[in-house]
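Coordinate-derived values only; no laboratory data. Note that the structure is predicted; figures quoted are calculated from it, not measured. When we count neighbours, we look across all protein chains shown, and the Cβ atoms used for this are built from the backbone with ideal geometry, even at glycine.
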Amino acid sequence: MTKVLAIGVVNTKRFLREKANLFFVFVFPILIVLMIGAFFGGGLSSTVGVYAPGDGELSKALVQGIDDLEEVKVREYGSEAALIDGVQRGGVQGGLVVPADYDERLAAGETVEVGYVARPDQTGILLGETVNGVVQRQANLVRAARFAAARAGVPYEDALPVAMVVAPGTERVTVTTTEAGAEDSLTAEFEGLGAFDLGAHQELILFMFLTSLAGSAALIQTRQLGVARRMLSTPTGTGTILAGETLGRFNVALVQGLYIVGGTVLLFRVDWGDPLGALAVVVAFSLVGAAAGILMGAVFSNDSQAGGLGVLIGLGLAALGGCMVPIEIFPAGMQAVARATPHAWAVDAFSEMVRRDGGLVDILPNLGVLLAFAAVLMLLGTWRLRRVLTR
Amino acid sequence: MAGNILEARGLRKTFGDLVAVDGVDFHIAEGETYGLLGPNGAGKTTTISMVMGLLERDGGDVVVDGKPISTSSTSAKAAIGYVPQDIAIYPDLTARENLDFFGRLYGMPSSTRKQRVDEVLEIIGLADRAGDRSEEYSGGMKRRLNIGIGLLHGPRLLMLDEPTVGVDPQSRNAILESVERLSREGMAVLYTTHYMEEAERLCDRVGIIDQGQIKAEGTRGELVAMVGGRDRVHLATTDRTEPAVGPLQQHPSVDEVTAADGSLELLVRGAAEALPRLLETAASAGVSVTSVDVVEPNLEAVFLHLTGKALRD
């Protein structure tokens, strides 16, 4: 056991001494979780640039209406050209142009167009819809004031303030859409997830596995340096060497896993479900990753080969196992194929705990499958390493 | 056999159709330095790897310190210190960390390990650089650390596989002096080399290995006696050598003459004195000698005698 620890500690020490490894283990995963949460979870505030040179009440109210939206900020620009430049440079995600004579033309009964500029990406388009909602609400007020002016003979200038006061108290019509079989629908499946939850679960599994495969390079170097054979020249068996090498990779995967879980809880309030269950999944998947890294380190004979193929295999299995697109979106046949990857079982364990309120007991089958994956990969790795070292 | 730290019998290893080691037997007594002398590709490293239990054997047995050794056995390895031909250290660890790591693998308790690491660092002359990563060392320093790891646990048998290959003369001499000192202190040593002068300097007994077989074995004196203490004289000639073979064989100091294309090989007693008359004889037979090379009896000559080729072929 002392020898296993010695090999494991040296492995971990060597891995962590490499600055690039520190970046990929600790910094990169959090950045990716942040980016995915921001892009797909709607979790970060967007900024709308505004050019509204007029000083009318409606013009000001429109800008204020946008500023009042949750998670939307307003940045004012001094010219339309500056606003467009800001959008093009990504300083703001969308831009609203309100004509200088906005209030006057509305008062005159004219139809006034406000301009919206955005880059042709998902954020810009979605933000446009949000801005459009605010414009429509104001348009409804104007229509109401015009209606009152036309029917009751009240001047538009008097009717508009009344409409603005009355509107917030008006009972709204709520339309609820219910899909047939809603309990099984995707909507129900993902309902209640935080902006970063799904991405964090997926990225945890993806990165732990990628890091473990990258760790195979250390075993290849140990072989190339002749250190592995030299270890065999000591009173140390192949099994002990394998266990030590596995421990080294397990340490890194476990530390990375716990770091991502802890970091995302603190930074993004990600829900990982039952803490014991989450810990069990991280431990079991660390074993899978470590064993996979050992097998790769035993099969390949140079680290650049392992590095290239490791990324390919890591990303391929992650895609297949639901770490990029939720497995529930896959066709039925692909969902069955995905079950051949450990990733799918790990992601599913988090889904069970977070989306379906499961606990440790509910994910025992997943943990069993993950441990079986680890055992098979370890056996293959041991067999292969012994073969390459002693023949 | 009583008093032997190592016994190897009938070692055999093939790689596909290539027979790398073919029935090698040898033993090393307690405190003895035994050399395996042979050219590159002779089977030295394959033999030492099998003896060390690093390589699976196709046949044969190895017993170290009374215990059988194989790739799956570990207990006998505690008696052995192994210094591989290529430097086998972690470059991103310091000398102290490398030594400490292997000390743990040899099962040394922490109380003695630290002290022994310090001692070995002194022995290999790296005490003042012990905290530097070994990737920052010169080639000679790395070689010394490579040897230091083999010495760490105070083995009864030290196996060094061509430890001076690619080493500068100063470091090479330091390595040879270390081996001599360890030998004087009573450590048994298995030393493989293709440098005749190293085998002559260090080894009590030498096994001459070629094409996977030990061709001869003994002390330097015993091996040299195989060529009868005779000098080997190489005469480079014009193409015609046959006319000189008969007259040279009748010369009283010549024991053997072998003709080859463009050269004559003679085994001669007292070549220095006989050489002028040998050249006259060749000239009288109409064979023109273009150059002369005299090899005094040494292990190189023995190797040449046994295999018909030079050690560095």
Inset, instruction - In a Gaussian network model over chain A where Cα atoms closer than 10 Å are linked, find which of A:Asn132, A:Asn251, A:Asn21 has the largest mean-square fluctuation. - result: A:Asn132
Legend entry - Computed label-point distance, nm, for sites A:Val166 and A:Glu18 using a 7 Å Cα→Cβ extension: 7.2 nm
Legend entry - Given charges at beta-carbon only (K, R positive; D, E negative), |dipole| of the protein assembly as shown in Debye: 1640 debye
Inset, instruction - Assign one of three labels to the range B:159-220, namely rounded, prolate or oblate, based on the Cα gyration tensor with a ≥ b ≥ c the square roots of its eigenvalues; rounded applies when a/c is under 1.5, prolate when it is not and a/b is larger than b/c, and oblate otherwise. - result: oblate
Inset, instruction - Nearest 5 is fine: what % of DSSP beta bridges in the protein assembly as shown come out antiparallel, could you say? - result: 60 percent
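How large is the charge dipole for chain B, taken about the Cα centre, if only the Cβ atoms of Lys, Arg (+1) and Asp, Glu (-1) carry charge, to the nearest 20 debye?
Using Cβ point charges on Lys, Arg, Asp and Glu, chain B gives about 760 debye.
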Legend entry - Average other protein chain Cβ within 10 Å of Cβ, residues B:52-61: 2
Inset, instruction - Using only the alpha carbons, work out the radius of gyration and Dmax of the range B:81-157 in angstrom. - result: 11.1, 31
Legend entry - For chain A, diffusion coefficient by Stokes-Einstein and Kirkwood Rh (Cα), 37 °C, 0.692 mPa s, µm²/s: 132 µm²/s
Inset, instruction - Report the extension gain between B:Asp128 and B:Ala283 in nm, rounded to one decimal, defined as 0.36 nm multiplied by the number of residues separating them, less their alpha carbon distance. - result: 49.3 nm
Inset, instruction - Compute the signed sum of charges (Lys and Arg +1, Asp and Glu -1) over the other residues within less than 15 Å, Cβ to Cβ, of A:Ser286. - result: 0
Legend entry - Peptides ranked, highest mean first, by Cβ atoms within 10 Å: ranges B:58-68, A:46-56: A:46-56, B:58-68
Inset, instruction - Run the quick spin-label model on A:Val9 and A:Val388: label points 7 Å from Cα toward the beta carbon, then report their separation in nm to one decimal. - result: 2.7 nm
Inset, instruction - Quick one: compute a quarter of the convex hull surface over the Cα atoms of the protein assembly as shown and quote it in nm². - result: 48.2 nm²
Inset, instruction - Report the net charge of residues surrounding A:Ala108, where surrounding means a beta-carbon distance below 13 angstrom and charges are Lys +1, Arg +1, Asp -1, Glu -1. - result: -3
Legend entry - Sum of -39500 (n - 2.57) over DSSP H runs of 4+, divided by residues of chain B (222 nm, nearest 500): -10000 deg cm²/dmol
Legend entry - For the range B:146-155, Karplus couplings with θ = phi - 60° (6.51, -1.76, 1.60), whole Hz, Gly/Pro x: 4, 6, x, 4, x, 8, 3, 8, x, x
Inset, instruction - Within 10 Å of each Cβ in peptide B:88-96, how many partner chain Cβ atoms are there on average? Round it to a whole number, please. - result: 4
Legend entry - Dipole of the protein assembly as shown [Lys/Arg +1, Asp/Glu -1 at C-beta], most positive-end residue of B:Val254, A:Val117, B:Leu37: B:Val254
Legend entry - Shielding by other protein chains, A:202-212, mean Cβ within 10 Å: 0
Inset, instruction - Kindly express, to the nearest 10 degrees and within the range 0 to 90, the angle between helix A:303-320's C-alpha long axis and the longest C-alpha principal axis of chain A. - result: 50 degrees
Legend entry - Percent antiparallel among DSSP beta bridges (both partners in the range B:1-51, rounded to 5): 100 percent
Inset, instruction - First check a/c for the range A:45-170, with a ≥ b ≥ c the square roots of the eigenvalues of its C-alpha gyration tensor; if it is under 1.5, answer rounded, and if not, answer prolate when a/b is larger than b/c or oblate otherwise. - result: prolate
Inset, instruction - Place +1 on the Cβ of every Lys and Arg and -1 on the Cβ of every Asp and Glu in the protein assembly as shown, take the dipole about the Cα centre, and give the residue among A:Val270, A:Leu360, B:Ser49 whose Cα lies farthest towards its positive end. - result: B:Ser49
Legend entry - Size of charge dipole - chain A - debye, nearest 20, with Cβ of Lys, Arg +1 and Asp, Glu -1, no other charges: 3120 debye
Inset, instruction - Treating the angle as unsigned and between 0 and 90°, give the value, to the nearest 10°, between the Cα long axis of helix B:110-123 and the longest Cα principal axis of chain B. - result: 40 degrees
Legend entry - C-alpha long axis of helix B:169-184 to longest principal axis of chain B, angle in °: 70 degrees
Legend entry - Inter-probe distance in nm under a simple model that places probes 7 Å from Cα toward Cβ, at A:Gln335 and B:Arg12: 6.1 nm
Legend entry - Unit charges at the beta carbon, dipole of the protein assembly as shown: most positive-side option, A:Thr234, B:Phe15, A:Gly215: A:Thr234
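Report the convex hull volume per residue for the range B:4-224, counting only C-alpha atoms, in Å³.
So the per-residue hull volume is 120 Å³.
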Inset, instruction - Of the DSSP beta bridges with both residues in chain A, give the percent that are antiparallel, rounding to the nearest 5. - result: 30 percent
Legend entry - Mean Cβ neighbour count within 10 Å, used as a protection proxy, ranking A:85-94, B:149-158 highest first: B:149-158, A:85-94
Inset, instruction - Name the residues whose placed amide hydrogens come within less than 5 Å of the amide hydrogen of B:Ile209, ignoring near sequence neighbours (fewer than 5 apart) on the same chain. - result: B:Leu37, B:Gly38, B:Lys215
Inset, instruction - Kindly provide the pair-distance distribution of the range A:244-354 built from C-alpha pairs, with 10 Å bins from 0 and whole-percent values in order of increasing distance. - result: 14, 39, 36, 11, 0
